[in-house]
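In what follows, a structure is listed as structure tokens, so that the remarks can point back to it.
No lab work stands behind these numbers, since they all come straight from the coordinates. Because the structure is a prediction, the values reported are computed rather than measured. Here the Cβ is made from the backbone with ideal geometry for all residues, glycine too, and neighbour counts use every protein chain on show.
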Amino acid sequence: MSTAAPYDVVDSLVGLAATLRGMGVAASTDRVHAAVSALAELDPTRRADVYWAGRLTLCGTPDELARYDLAFAAYFGDRPGAVVRRQRLDKRELRLVAEPGVGSNDEGEEQAGESLSAAASAVEQLRHRDVATMTPQDKEHLRRLLAALRLPGERRTTRRLRPSLRGRVDGGRTLRAWLAAGGEPAPLRRRSPASRPRRVVLLVDVSGSMDSYAEALLRFAHAASRRGAPTEVFALGTRLTRLTREMALRDPDTAMAAVAQTLVDAGGGTRL
């Protein structure tokens with residue numbers, strides 16, 4: 001499998017839009033943002049998803065649809081399967097790149113497209129940066145990325161059984177179904193173990209030695225708390241402080257302000 005640059009999907013949308021403009025389709029920067037937003041909800045590695053995301057966002061009139069099909073075939077036709085093979089931004093990063101204002105300016109569509117790719121590259125760079133060495137602009141970018149973060153969380157199997165299409169035969173439900181049908185045979189009823197989100201406990205070191213990292217870790221904890229599963233958050237300093245209630249606040253900045261009011265030992269020593 002061939003390798004590719006991490007943001008070929010975004011670059012391809014920008015290139016496709018430029019191809020469309022050359023064919024008389026008004027594929028504006030706003031439409032490119034809409035296409036990126038659409039791919040954030042789909043699978044950017046699937047050629048069909050890229051096709052439909054572009055077709056539904058980059059075209060404005062029925063007359064442009066035929067030109068879109070020609071442009072798409074011309075742009076991707078000599079690279080069959082390239083969209084599938086290319087690496088991609090994950091969905092939360094695509095949402096960040098697609099935010100209003102990213103890559104939009106008054107200096108023309110080509111520079112706007114370059115800004116989109118630059119924004120995507122900035123996300124990739126943050127993956128390898130030490131938080132302690134980040135500039136204020138990098139930290140703001142990181143805050144926005146963490147605010148868009150969604151953690152699905154793991155699930156665990158429970159002892160409770162639930163109706164299922166597969167699994168062990170549920171004799172009681174099967175018998176009741178037969179009786180309800182007047183004794184006529186009915187499909188076997190089955191059941192399988194249920195699952196529930198795994199409980200998570202996060203311990204965040206807020207001592208002086210971790211001062212450069214504490215805010216990013218707390219914002220990550222806030223994102224984890226929004227996953228819809230039981231999550232407990234504690235801060236470790238000279239004492240153990242429960243922050244679960246503060247992390248339940250929906251807005252990240254509001255939650256961080258509440259945490260700052262609660263923590264009285266941030267930046268101090270550590271007692272484990």
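Packing-based ranking of 34-44, 185-195 yields 34-44, 185-195, ordered from highest to lowest mean Cβ neighbour count within 10 Å.
Have a look at L188, G172, L161 and report the one farthest towards the positive end of the charge dipole of the range 155-195, computed about the Cα centre with Cβ charges (Lys/Arg +1, Asp/Glu -1). Result: L161, furthest along the dipole toward the positive end. Volume per residue for the range 129-272 equals 156 cubic angstrom (convex hull of Cα atoms).
Among 163-169, 55-61, sorting by the average number of other beta carbon atoms lying within 10 angstrom of each residue, highest first, gives 55-61, 163-169. Each residue of the range 180-187 was assigned a 3J(HN,Hα) from its phi angle through the Karplus expression (A = 6.51, B = -1.76, C = 1.60, θ = phi - 60°), giving 5, 8, x, x, 6, x, 10, x Hz with x at Gly and Pro. For the range 155-195, a/c is not less than 1.5, where a ≥ b ≥ c are the root eigenvalues of the C-alpha gyration tensor, and a/b tops b/c. That puts it in the prolate class.
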